[in-house]
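The values are calculated or read from the model by the stated rules, or taken from the named source; none is laboratory data. What you see is a predicted model, and the numbers here were worked out from it, not measured in a lab. In this analysis, Cβ positions are derived from the backbone assuming ideal geometry, glycine residues included, and neighbour counts consider all displayed protein chains.
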Amino acid sequence: MEILSILWQETRHYIPSAKGESVIHYAARYNNITLAKFACDPRHRIDVNLVSFHEKRTALLITVMDSRHEIVEILLKRGACDH
């Protein structure tokens, strides 16, 4: 997680991908627990309920569909919900 902190230091604003996905979507899709914990830190101000443009899915929906239980818990603790 230290390397993520170093990379994040130079970031002023988080911008979703061209598909409208946040880093939390990627953590959910690839079951990256370390990235999920980092991205869900409130200091980073990333919207945990962001809906992607192309699939119309939140990170929570991705994790539930793929049975990624640990990331589901991380997202729920951060206030994630599926619209």
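Key figures
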{"item": "Of all residues in the stretch 1-30 being modelled with pLDDT under 80 and among the polar types (S, T, N, Q), the one that is nearest to Ala80 (Cα to Cα)", "result": "Ser17"}
{"item": "Which numbered condition Val64 fails, given (1) of a type in the set (Val, Ile, Thr); (2) more than 16 Å from Gly20 (Cα to Cα); (3) in a loop (DSSP other than H, G, I, E, B)", "result": "(3)"}
{"item": "Search result, residues across the stretch 36-83 that are among the aliphatic types (A, V, I, L, M), at pLDDT 90 or above and touching a helix residue (DSSP H, G or I) at 6+ places or on another chain (Cβ under 7 Å)", "result": "Ala36, Val48, Ala59, Leu60, Ile62, Val64, Ile71, Val72, Ile74, Leu75, Ala80"}
